[in-house]
Amino acid sequence: MTRVFSGIKPTGHLTLGNYLGAVRRWAEVDQHRTDALFCVVDLHALTVDHDPARVRRLTRQAATLLLASGLDPELCTVFVQSHVDEHARLSYLLECVATDGEMRRMIQYKEKSARERERGGSVRLSLLTYPVLMAADILAYGTDEVPVGDDQTQHVELTRDLAVRFNQRYGRTFVVPRATHPKVAARVMNLQDPTSKMGKTDDVGPGIVYLLDEPDVARKKVMRAVTDSGRDVVYDPEKRPGLANLLEILAACEGGNPEDLSGVYESYGALKKDTAEAVVELLRPVQERHKELCADPAYVEGVLRLGAEKARAMARPRVDEAYRAIGLLAG
Ligand code: TYM
C-alpha cells in the first residue's frame with residue numbers, strides 16, 4: 001500500500017493556506033487511499049526564536065485541529081514529531097550525507113535567515129539543517145508520497161537527492177519519495193499582499209485567514225482583500241494576482257477550477273461576497289469539531305500517545321538499518 005507522510009509546523013495558528021494546500025486533502029483523500037502518517041513537527045518550530053510555552057500550546061492546538069479537520073485515528077496515524085526519537089536519530093545520519101552548499105541554496109533558508117538578520121537576531125544552526133530533519137521525517141517511514149503545498153517542493157526534491165545518495169553509497173535503504181500537490185490552491189496568497197504566500201508566522205495582519213477566525217473576522221478579511229483596478233472578473237495570476245487568489249480560494253472551497261469562474265462574476269464585490277461565505281462555510285464544521293475536542297483533552301492526548309507508538313514501530317527498523325548501513329556497530 002502507498003505510504004504517505006506529511007507534517008505541519010506549530011509556529012503559529014493554522015491558516016486557510018495550510019488547510020486548502022494540505023490538511024483538507026489529507027483528510028478527504030490521503031487517509032482513505034493510503035497508509036498515512038500526519039505529524040505535528042514541533043522540533044522544526046525550534047529553528048527560529050520561540051517561546052517554549054507557546055510552542056507547547058500550538059503543538060496541542062495543531063494536533064486538535066488536524067483531528068477537527070477530519071483526520072481519523074482509525075484510518076491514519078497522527079502524532080507529534082518529538083515523541084518519536086527516530087526523527088532526530090536519522091537526521092544526524094543524513095547530515096553526514098548532505099552538504100552545506102546544498103543547505104545554503106534552499107530558498108526558505110535564504111528568506112528566513114535574511115529576515116532573522118534584518119531583525120538584528122542571529123540565525124540558529126538548526127534553521128540551516130531544517131531540510132535534513134524534514135528529509136528524516138519522510139525517509140524514516142519508507143514514504144512514497146508527500147502531500148504538501150507548493151512551497152515545500154524544493155525540500156522534497158532535496159529529500160529525494162539524499163535518499164538516492166544514501167542508497168548509492170551505503171546500499172538500498174530508503175524509498176525515494178515524491179511530492180504531490182492539490183490541483184487548486186497549492187499556494188494561497190496573502191489577501192493584503194497577493195505576491196506573497198499566506199504564511200502562519202508572517203504577521204497577525206488582515207491578509208491571513210486563520211482556521212479559528214470567528215465567521216465575522218474571516219468574512220471581513222476576505223471582503224477587504226486587495227484587488228487591482230480592473231473591472232472584469234477574469235483569472236490571470238500573472239497580471240491580476242489578487243483577483244486570481246480570490247478565484248482560486250472560491251474554486252477550492254467549491255471543488256471547482258478558477259478558470260471556470262472567469263466571466264461568471266459581474267463585479268469584484270459579488271465575487272468577494274461569495275468567497276467570504278464559502279470560506280465561512282468551509283471553516284464552520286472544523287471550528288465546531290475543534291470546540292468539542294477542546295472539551296476532551298484526554299481524547300487528543302490518547303490519540304497522540306497511540307500515534308507515537310505506532311509511528312515508532314514503523315520508523316525504528318529502517319532507521320536501525322540505516323545505522324548499520326552507514327558503518328555504525330550494532331549496539
Ligand atoms: P508548514 O507548517 O509551513 O505548512 C504545512 C502545510 O501547509 C502548506 N501550506 C500552504 N499551502 C498552500 N498555500 C499556502 N499559503 C500554504 N502555507 C502552507 C505547506 O506547503 C505544507 O504542506 N516544512 C514543512 C513541515 C514539514 C514537513 C515534513 C512536511 C516538516 N517535515 C515532512 C512534509 C513532510 C512546513 O514548514 O510546513
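Each value in this text was obtained by applying a stated rule to the coordinates, not by laboratory testing. Everything quoted here is computed from the prediction, not taken from an experiment. Positions of Cβ are generated from backbone atoms using ideal geometry, with glycine treated the same way; all protein chains shown enter the neighbour counts.
Candidates Gly205, Tyr130, Ala186 compared by Cα position along the dipole of the range 115-252: farthest toward the positive end lies Tyr130, with charges placed on Cβ. Sequence-distant contacts, meaning Cα pairs under 8 Å at least 6 residues apart, place the relative contact order of the chain at 22 percent. Only Lys, Arg, Asp and Glu carry charge here, each on its Cβ (+1 for the first two, -1 for the last two); on that basis the range 1-144 has a dipole of about 520 debye about its Cα centre.
Counting only residues at least eight positions apart within a chain, or on another chain, the aspartates and glutamates with an alpha carbon under 18 Å from that of Lys291 are Asp72, Asp213, Glu214, Asp216, Glu281, Glu301.
Rounded to the nearest Hz, the phi-derived 3J(HN,Hα) couplings of the range 217-224 under the Karplus curve 6.51 cos²θ - 1.76 cosθ + 1.60 (θ = phi - 60°) are 5, 4, 4, 4, 4, 5, 4, 9, where x marks glycine and proline.
Relative to the longest principal axis of the Cα atoms of the chain, the long axis of helix 107-118 makes an angle of roughly 80 degrees.
Quick check: from the Cα gyration tensor, does the chain come out rounded (a/c under 1.5), prolate or oblate? Taking the square roots of the gyration eigenvalues as a ≥ b ≥ c, the chain is prolate. Site pair Lys110 and Asp49 shows an inter-label distance of 2.4 nm when each label is modelled 7 Å from Cα along Cα→Cβ.
A 24 angstrom limit on the alpha carbon distance is what I want to check against. Which of Lys9/Lys220; Lys183/Lys310; Lys110/Lys220; Lys200/Lys272 exceed it? Distance filter (> 24 Å) returns Lys9/Lys220; Lys183/Lys310; Lys110/Lys220.
The HN-Hα couplings worked out from phi for the range 293-307 by the Karplus form 6.51 cos²θ - 1.76 cosθ + 1.60 (θ = phi - 60°) are 5, 5, 7, 9, x, 5, 5, 4, 4, x, 4, 5, 5, 5, x Hz, whole numbers, x standing for Gly and Pro. Between Met189 and Met198, the built amide H atoms are under 5 Å apart, and every one of these is 5 or more places off in sequence or on another chain. Amide hydrogen proximity for Thr173: with H placed 1.01 Å from N in the peptide plane, the residues at 5 or more positions away or on another chain lying under 5 Å are Asn167. Annotation: amide H of Leu37 within the under-5 Å range of Val4, Phe5, Ser6, Thr77, sequence separation 5 or more or interchain, hydrogens built in the peptide plane.
Derived scalar couplings between HN and Hα for the range 64-78 equal 4, 5, 5, 5, 5, 7, x, 5, 10, x, 6, 9, 9, 10, 10 Hz in order, rounded to whole Hz, by the Karplus curve 6.51 cos²θ - 1.76 cosθ + 1.60 (θ = phi - 60°), x for Gly and Pro.
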